[in-house]
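What follows is a single structure, written as structure tokens, with notes after it.
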């Protein structure tokens, strides 16, 4: 059951009369109308009935993500909106209240994009720093959804798909994060055009059956309703990716 407690906290830029509707708005609408502050407020609403220690841990993960991604952009929005939506989708639409999963969702790009800002010594040191701050459970989840470091610049879509399948094979909880991340990235294609959209669609399309298989496995910690919702979304996404991927190279 989705928790929607009465929330009376302050949220800069959000009128008092809008806080009730904020709790039930679609995430893309929260983003469009209220931006980062709205997503932060929605996270406070959704985690409002977690134990105090769990709320504090989620807050610490959010603030670390905010610091690491402070200068990053994603299309026309602050990059932090992406991990916020990934975490919120897990809570709102997947009915998951696992604090480790929520924290790892907020930090899922931390090592991939900002290892040096976490610790000197590359990705292993960055993961160790996360483990020291949030525990080995969160660090292991982040590691499972971190893409390979292709320093040689020769990454292929096949290697990417193989990595995703292998990394999630023995990490059922990380599958929840990956499918939310995949969904948010897929939605981003609506705001991308030209050759980049075609390239990304061709990258993502073959992952749809991989993720569908992983989501439907009985050890993936999802309710039957959430599993059905995700599979439906993956099916729709696959059709959109196929349509975009079939465009001629020069078509917008």
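Rounded to the nearest 0.05, what FRET efficiency do residue 163 and residue 236 have when you use their Cβ-Cβ distance and R0 = 22 Å? Mind showing how you got there, number by number?
Numbers: r = 25 Å, r/R0 = 1.12.
Approximately 0.35, to the nearest 0.05.
Computed over the chain, relative contact order equals 15 percent, with contacts defined as Cα pairs under 8 Å that lie 6+ residues apart. Full extension of the chain segment joining residue 95 with residue 202 gains 35.5 nm, where the gain is 0.36 nm per residue of separation less the Cα-Cα distance. The stretch between residue 25 and residue 49, if pulled fully straight at 0.36 nm per residue, gains 6.7 nm over its current Cα-Cα span.
Length gain on complete extension for the stretch residue 243 to residue 223, per 0.36 nm per residue less the alpha carbon to alpha carbon distance?
Working: separation 20, 0.36 × 20 = 7.20 nm, distance 3.05 nm.
Extra length from residue 243 to residue 223 when fully extended: 4.2 nm.
Using Cβ contacts closer than 10 Å as the measure, can you line up 82, 114, 28 from fewest to most? Walk me through the numbers on the way to the answer.
Numbers: 82 23, 114 18, 28 12.
Going from sparsest to densest Cβ surroundings: 28, 114, 82.
A rounded overall shape is assigned to the chain, the ratio a/c of its alpha-carbon gyration tensor axes (a ≥ b ≥ c) being less than 1.5.
Of 216, 76, the sequence from fewest to most neighbouring Cβ atoms within 10 angstrom is 76, 216. Restricting the calculation to Cα atoms, region 1-146 yields a radius of gyration followed by a Dmax of 15.0, 48 Å. Spacing of the modelled spin labels on residue 72 and residue 156, each 7 Å from Cα toward Cβ, amounts to 2.8 nm. Expressed as a whole number of Å, what is the distance separating the alpha-carbon centroids of region 65-108 and region 38-60? Cα centroid of region 38-60 versus Cα centroid of region 65-108: 12 Å apart.
Laboratory data are not the source of any read-out in this text; all were calculated from the coordinates shown. Computed from a prediction, not measured in an experiment: that's the story for all the values here. Backbone-built Cβ (ideal geometry, glycine too); neighbour counts: all protein chains shown.
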